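**Q** My structure is below; once you've seen it, I'll send some questions.
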Ligand SMILES: Cc1cc2nc3c(=O)[nH]c(=O)nc-3n(C[C@H](O)[C@H](O)[C@H](O)COP(=O)(O)O)c2cc1C
């Protein structure tokens, strides 16, 4: 199959990946209501078509936190990406650099921050605050030393939401010989993945935090470790603590309410990502896109507002920007493309987003990103 849309990359990823990894990427928490809403609510927004406006010159470029990017799109942090494609974080970062957009690296990435930075452009670094503040501090210092320009501080995972698909697939909770045999068969029956990732994508540890994880630091140890070591006592005052170690921009990821967005301003953050973790945490909360305008109205003048969750095309990018996002980010789409065809597929998918954004801008009469506002949307549709 020749992949064009995100759903095509998803289908190829479904075939190529061991079931445990596909289900881990694809799923959400509990009944997946929020996951569904993220996509459905963006789909339900209508763009307003306006024609005959001399759209011969289009400028999709934008700036975020002092950096220039070719379009208002970035790559969200996705944990364990090196299990979906060989050294997956490096491949994703290269594709993003080629497209001229930011790549953010998860705390629980397979590739450590130094490896990703050495491969090209230093990534925006996503941080989970760990109970071990000494280790957390060291992690921030490593990101700084690697040249990361921005810190994404993810705040919506004080404990992991239950993802039932991971239990059903045997990714979490399954122990004993039967589970081990099932998992081995899951790998063996996906030979392309075995060759690319299992044999040639080592080491399969959680790169940046491998030293902190008990056991071998392997993927199978990590989920248990997360539940034990992510710090639930974190408050807005901890942003001050982070600031003592990190002097660059801090973006709070996982804000869904204007009240929290205002707290982020007070805490001195430079940005927020309106996000529900792709519907993987508190199921039943509203979609990111529906939370976006209220948050943009509340704090858009004070810091940069980003969003992620449910963005599946360049048309969706324009909808998010029209509703007040400085840029939006994609999680699952790039993970699917990575699994489907590595860096080349991620790069191709990003170019498809760009082409779609061009069409959306052209047919809404919007020639620059700065012009995009709510007037691009058809609210009577
Ligand atoms: C497989 C997977 C792993 C993720 N890991 C992280 C992570 O380590 N840190 C984080 O801040 N967000 C993580 N997220 C959330 C994404 O950064 C992002 O918020 C979400 O995927 C956006 O929704 P979308 O997948 O609909 O684009 C993860 C998402 C997925 C799908």
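**Q** Restricting the search to region 268-299, which residues are more than 14 Å from the ligand (Cβ to nearest atom), surrounded by 19 or more Cβ atoms within 10 Å (Cβ to Cβ) and at positive phi?
**A** Within region 268-299, no residue meets the criteria.
**Q** Conditions: (1) buried (at least 17 other Cβ atoms within 10 Å of the Cβ); (2) at pLDDT below 95. Residue 74 meets all but one. Number of the miss?
**A** Only one criterion in (1) buried (at least 17 other Cβ atoms within 10 Å of the Cβ); (2) at pLDDT below 95 is unmet by residue 74, namely (2).
**Q** Right, something else. What residue, among those in region 247-256 that are touching a helix residue (DSSP H, G or I) at 6+ places or on another chain (Cβ under 8 Å) and within 16 Å of the ligand (Cβ to nearest atom), is farthest from residue 136 (Cα to Cα)?
**A** Per the criteria, the residue is 256.
**Q** Restricting attention to region 130-148, which residues are crowded, with 24+ Cβ neighbours inside 10 Å and part of a loop (DSSP other than H, G, I, E, B)?
**A** Residue satisfying the conditions is 148 alone.
**Q** If residue 11 satisfies all but one of (1) crowded, with 22+ Cβ neighbours inside 10 Å; (2) without any contact (Cβ under 8 Å) to a residue 12 or more places away in the chain, what's the number of the condition it fails?
**A** With (1) crowded, with 22+ Cβ neighbours inside 10 Å; (2) without any contact (Cβ under 8 Å) to a residue 12 or more places away in the chain applied to residue 11, the lone miss is (1).
**Q** Okay, next question. Provide a single number: the residues in region 315-332 that are more than 12 Å from residue 43 (Cα to Cα) and either within 12 Å of the ligand (Cβ to nearest atom) or surrounded by fewer than 24 Cβ atoms within 10 Å (Cβ to Cβ) (or both).
**A** 8
**Q** For region 172-219, name all the residues that are at pLDDT below 90 and crowded, with 16+ Cβ neighbours inside 10 Å.
**A** 172, 174, 205, 206, 207, 208, 209, 210, 212, 213, 217, 219
**Q** Right, next: Name the single residue, out of those in region 79-91 being away from the ligand (no atom under 14 Å from the Cβ) and in a loop (DSSP other than H, G, I, E, B), that is nearest to residue 209 (Cα to Cα).
**A** At the first step, the residues of region 79-91 found to be away from the ligand (no atom under 14 Å from the Cβ) are 86-87, 90-91.
So of that shortlist, the ones also in a loop (DSSP other than H, G, I, E, B) come out as 86-87.
Values: 86: 19, 87: 16 Å.
The extreme case among them is 87.
**Q** Do you know which residues across region 31-54 are under 23 Å from residue 379 (Cα atoms), in contact (Cβ under 8 Å) with a residue 40 or more places away in the chain and part of a loop (DSSP other than H, G, I, E, B)?
**A** 45, 46, 48, 49, 50, 51, 53
**Q** So, residue 94, is that one touching a residue at least 24 places away in the same chain (Cβ under 8 Å) and either surrounded by 14 or more Cβ atoms within 10 Å (Cβ to Cβ) or within 13 Å of the ligand (Cβ to nearest atom) (or both) or not?
**A** On the way: touching a residue at least 24 places away in the same chain (Cβ under 8 Å): yes; either surrounded by 14 or more Cβ atoms within 10 Å (Cβ to Cβ) or within 13 Å of the ligand (Cβ to nearest atom) (or both): yes.
Yes.
**Q** With out of contact with any strand residue (DSSP E or B) (no Cβ under 9 Å at 6 or more places or on another chain), within 16 Å of the ligand (Cβ to nearest atom) and at positive phi as the only criterion, which of 43, 32, 23 stands out? Lay out the reasoning, then the answer.
**A** On the way: 43 fails: at positive phi; 23 fails: at positive phi.
Just a single option satisfies the conditions, and that option is 32.
**Q** One residue is enough: does region 363-376 have a residue meeting the conditions in a loop (DSSP other than H, G, I, E, B) and either within 20 Å of residue 65 (Cβ to Cβ) or within 12 Å of the ligand (Cβ to nearest atom) (or both)? Steps first, answer last, please.
**A** Filtering region 363-376 down to residues in a loop (DSSP other than H, G, I, E, B) leaves 363-367, 372-373.
Pick out the ones that are also either within 20 Å of residue 65 (Cβ to Cβ) or within 12 Å of the ligand (Cβ to nearest atom) (or both) and you get 372.
Yes, region 363-376 has at least one match.
**Q** If you don't mind, there's one more thing I want to ask. Among the residues that make up region 116-123, is at least one of them part of a helix (DSSP H, G or I) and buried (at least 19 other Cβ atoms within 10 Å of the Cβ)? Don't jump to the end; show me each part of the working.
**A** Going residue by residue through region 116-123, those that are part of a helix (DSSP H, G or I) are 116-118.
Going one step further and asking which of them are buried (at least 19 other Cβ atoms within 10 Å of the Cβ), we end up with 116-117.
Within region 116-123 (the criterion being part of a helix (DSSP H, G or I) and buried (at least 19 other Cβ atoms within 10 Å of the Cβ)), the answer is yes, since at least one residue qualifies.
**Q** Right, here's the next one. What tally of residues in region 88-119 results from selecting those that are in contact with a helix residue (DSSP H, G or I) (Cβ under 8 Å, 6 or more places away or on another chain) and within 15 Å of residue 347 (Cα to Cα)?
**A** Filtering region 88-119 for residues in contact with a helix residue (DSSP H, G or I) (Cβ under 8 Å, 6 or more places away or on another chain) gives 88-96, 98-99, 101-103, 105-116, 119.
Then keep just the ones that are within 15 Å of residue 347 (Cα to Cα); that gives 88-96, 98-99, 101-103.
Looking only at that region, the number is 14.
**Q** If you don't mind, there's one more thing I want to ask. Can you tell me how many residues in region 300-314 are within 11 Å of residue 272 (Cβ to Cβ), touching a helix residue (DSSP H, G or I) at 6+ places or on another chain (Cβ under 6 Å) and within 11 Å of the ligand (Cβ to nearest atom)?
**A** Total meeting the criteria: 1.
The values are calculated or read from the model by the stated rules, or taken from the named source; none is laboratory data. Everything numeric here is computed off the predicted structure, so don't read it as measured data. No Cβ is skipped: glycine too gets one built from the backbone with ideal geometry, and neighbour counts run over all protein chains shown.
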